[in-house]
Amino acid sequence: MVLPPTLSVALDIDPRSFEVDRTTPQPSISITVTSHTAHPITIFIWPHVFNLSLSQKRDNFTCLDITSNTWLFLPVTAGPKRPGFKLEQGSYDEKYIYTLEPETPMIFKGDFGLARRIDDDIHTLIPGHRYRLSIREGEAVSWWRWGRKDDIIPPVGQPQALDKADGDPLVLQVEGPVEFSVE
């Protein structure tokens with residue numbers, strides 16, 4: 001019997017110290033994920049932390065203002081409502097499907113959106129403060145399958161609904177938070 005994979009993740013922000021304004025280059029956020037199993041798996045990331053353009057607007061992260069010992073309220077949306085997802089090569093949804101090779105890190109990277117929230121008191125980072133950003137406890141990948149993307153996604157003209165996963169959700173093993181400061 002093959003054991004289900006485990007996924008370890010590491011969070012990073014680059015640079016770790018930055019100004020909060022709309023004129024300086026925006027810092028980046030990245031999540032490195034490694035699948036610990038002997039076989040490749042394919043994951044669907046749309047509703048999960050790896051979809052950085054969406055997850056930074058939802059409740060996938062927590063952020064503590066270390067200086068004032070207060071939590072920032074991060075969610076600004078529950079996410080867009082959309083029709084069901086479909087598996088098909090070349091479809092719009094294909095960009096949310098990734099193969100994780102065994103013990104091979106994959107990096108998901110995007111702009112650190114929190115650094116641009118400067119007009120709303122609740123969501124604002126404060127110059128001179130230090131922060132701790134974490135992936136929310138219990139974050140998991142709910143849809144995954146054994147095999148590579150090219151073997152799982154049907155060809156053009158044969159779309160399939162995103163149906164059952166090959167196992168229970170894969171709870172992320174997070175290696176810890178990342179701390180950053182605002183100048």
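Structure notes:
- Here the condition is being touching a helix residue (DSSP H, G or I) at 6+ places or on another chain (Cβ under 8 Å), under 19 Å from Gly176 (Cα atoms) and at pLDDT 95 or above; of Ile135, Ile107, Ile31, it holds for Ile31 alone.
- Some residue of the range 41-53 being assigned to a strand (DSSP E or B), closer than 17 Å to Leu125 by Cβ and among the aliphatic types (A, V, I, L, M): no
- Pairs with Cβ under 9 Å, 6+ apart, first in the range 123-134 and farther than 12 Å from Gly113 by Cα, second part of a helix (DSSP H, G or I): Tyr131/Leu114; Leu133/Leu114
- Within the range 67-90, considering residues that are surrounded by 14 or more Cβ atoms within 10 Å (Cβ to Cβ) and at pLDDT 75 or above, the one farthest from Lys164 (Cα to Cα): Leu72
The values are calculated or read from the model by the stated rules, or taken from the named source; none is laboratory data. Note that the coordinates shown come from a computational prediction; the quantities given were computed from them, not determined experimentally. Virtual Cβ from ideal backbone geometry, glycine too; neighbours counted across all protein chains shown.
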